[in-house]
Structure formats: structure tokens, C-alpha cells
Amino acid sequence: MNHEHIPVIILCGGKGTRMGDRTVPKPLVEVGERPVLWHVMKIYAAQGFTDFILALGYHGDLIKRYFLEYDWQSRDFTLTLGDGAPLYHTPNDTAGWRITFAETGLETMTGARVRKAARYVQTPRFFVTYADGVADIDLHALLAFHRQQGLLATMTGVRAFSRFGILETDGQGKVTGFQEKPLVDTLINGGFFVFERDALRYLDGGDDLILEREPFANLAADRQLAVYEHHGFWRAMDTFKEAQELTALWEEGAPWKIW
């Protein structure tokens, strides 16, 4: 297994307008007893990637506070008043994580957020991902594929379940069957990316630069964008209902729990 040091930029700035509760940023919406952001970070940390750069925006202060208070919120400890130094009794399940909190703007779009957060990247390549998607992805296989392709960027393609049921018809106005939210046989953006530093030149622009539009389109036009197909578990969390579904999966064993 290659232990190359590669930082992980996580896009944490969106408002999550479809989640309902606007007082909590989407990365902090809980799946089980932990924020979905924690689950994403655990996927990377379990495979040896523990240098995180959080691209903050909406309620970034709450994300900062969550990690600043993580130890005493999640561990047993004894406190001697007047001393001020807690004596912890239980281990820290995030020990060794290095987290850089990068303020990238309240209304900034994804491409500009990556560009702004990348000022803290000191390595030849880096990961990028969203704060609301989980998978049992083999990140070392993704990285090996990226190196093999020799291109500036690699995105992960996944097959997702349709949000809607599909009607089967006989072509003459009669329904012959119905599929309830079937798996769609088309690749979509799974949100686990690898970038070379030279790819940053595709991210020039204003705060309205959307990663998934011009940058990816231009990389593809220049034949510099590869796709790694992930055939295992993958889910994104865009709504409160999907958060509930992930929590139910977590309680059943969590297919993305590789740690």
C-alpha cells in the first residue's frame, strides 16, 4: 500500500437548502450519532489520509466549534477545578487528524472553493470530495488508477438509484410494469476526486465558478479528465429523508463503514 501524503479538500460551504433545518450546516447533519462530515473523514482516515482542509462557508463557525469541542464532547474525562487540564479516560477516535479550516466565502461556488482551499496544499496532488457523500470506495485503487491514466484530474463515476419510479409501457398507451426507484445504468458524479496541482489553472475565475461546469468541461475537452468506476456502495445526502435513510443503514451495519 502506498503511503504518499495527500491532503483532502472537503467542500463544506453549501447551505443545504433541501435539508429543512437551516440552523445546522449540512456537513453537521447527523447520521447515527455523528455528523455526515465525520463519516466522510473517517472513510479517508481509515485508509491513511488524515490531512484535511475544510472549505468552509455557511455556518463555518459551527463546524469549527464542533472539532474544537470534540474531545470533551465525545470522551470520558476527569477535571480538577483550578487546574483546567482534563484527564481523559477514553481514546480519541480521530487522533492524528490534521484539520485546516479555510474560510472560502458564504456565496462561493464549488470551483472557487477548491481554488481558495488549495492555497493550503503543498503536495503535487490532492483529493477533493463533498461533505455529504459516503461510499465503501477503495481510495488507494482510485489513486492507482489516477496515476496510471497520467491526466490532470480523475473523478469517480457511480451508478445511483433513480429518485422516481419508472413506468414500463407497451408503446401503445398501456402500462405493462413498474420499477420502484431502479438502479440507473448511467454513470454519475460520485464526488471522490484526485487532482494534480496543474489542474488548478482550470479553476481561474470568480466566486461564481462551479467545479462541475466549466472546469470539468474544459478538462474533458482537453482530454485531461479520467473517470474511475466505483461499483460498490455509494449514497449522497441531499434531503432530510436521505439523512434518515443513512441513519437506518448505519444502525444496520453501515456499508460504508470500512474502519
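Summary table below
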| read-out | value |
| --- | --- |
| Length added when fully stretched, H231-R98, from 0.36 nm per residue minus Cα-Cα | 44.9 nm |
| Highest-MSF residue in the chain out of W234, W72, W38 [GNM, Cα springs under 10 Å] | W72 |
| Extension gain from H3 to K15, taking 0.36 nm per residue of separation minus the Cα-Cα distance | 0.9 nm |
| Within-12-Å neighbourhood charge of L106 [Cβ basis; K, R +1; D, E -1] | -2 |
| R0 of 25 Å, Cβ-Cβ distance K257-T123: FRET efficiency to nearest 0.05 | 0.35 |
| Only Lys, Arg (+1) and Asp, Glu (-1) charged, at Cβ; the chain dipole about Cα centre in debye | 420 |
| Listed candidates (i) 32, 25, 18; (ii) 32, 21, 19; (iii) 25, 23, 18 - label of the one calculated as semi-axes √(5λ) of the Cα gyration tensor in Å | (i) |
| Rounded, prolate or oblate (a/c below 1.5 giving rounded, otherwise prolate when a/b exceeds b/c) for region 84-128 by Cα gyration tensor | prolate |
| Options T50, L203, F240, ranked by Cα towards positive dipole end of the chain, top entry (Cβ charges) | L203 |
| Efficiency of FRET from Cβ geometry, R65 and A85, R₀ 22 Å, rounded to 0.05 | 0.60 |
| Candidates A135, A112, A85, ranked by Gaussian network fluctuation over the chain, Cα under 10 Å, top entry | A85 |
| Top of I43, I188, I53 by mean-square fluctuation, Gaussian network on the chain, Cα under 10 Å | I188 |
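Bear in mind that the values in this text are calculations on the coordinates, not laboratory data. It should be emphasised that the depicted structure is a prediction, and the values quoted were computed from it without experimental measurement. All Cβ positions, even for glycine, are placed from backbone atoms using ideal geometry, and neighbour counts span all protein chains on display.
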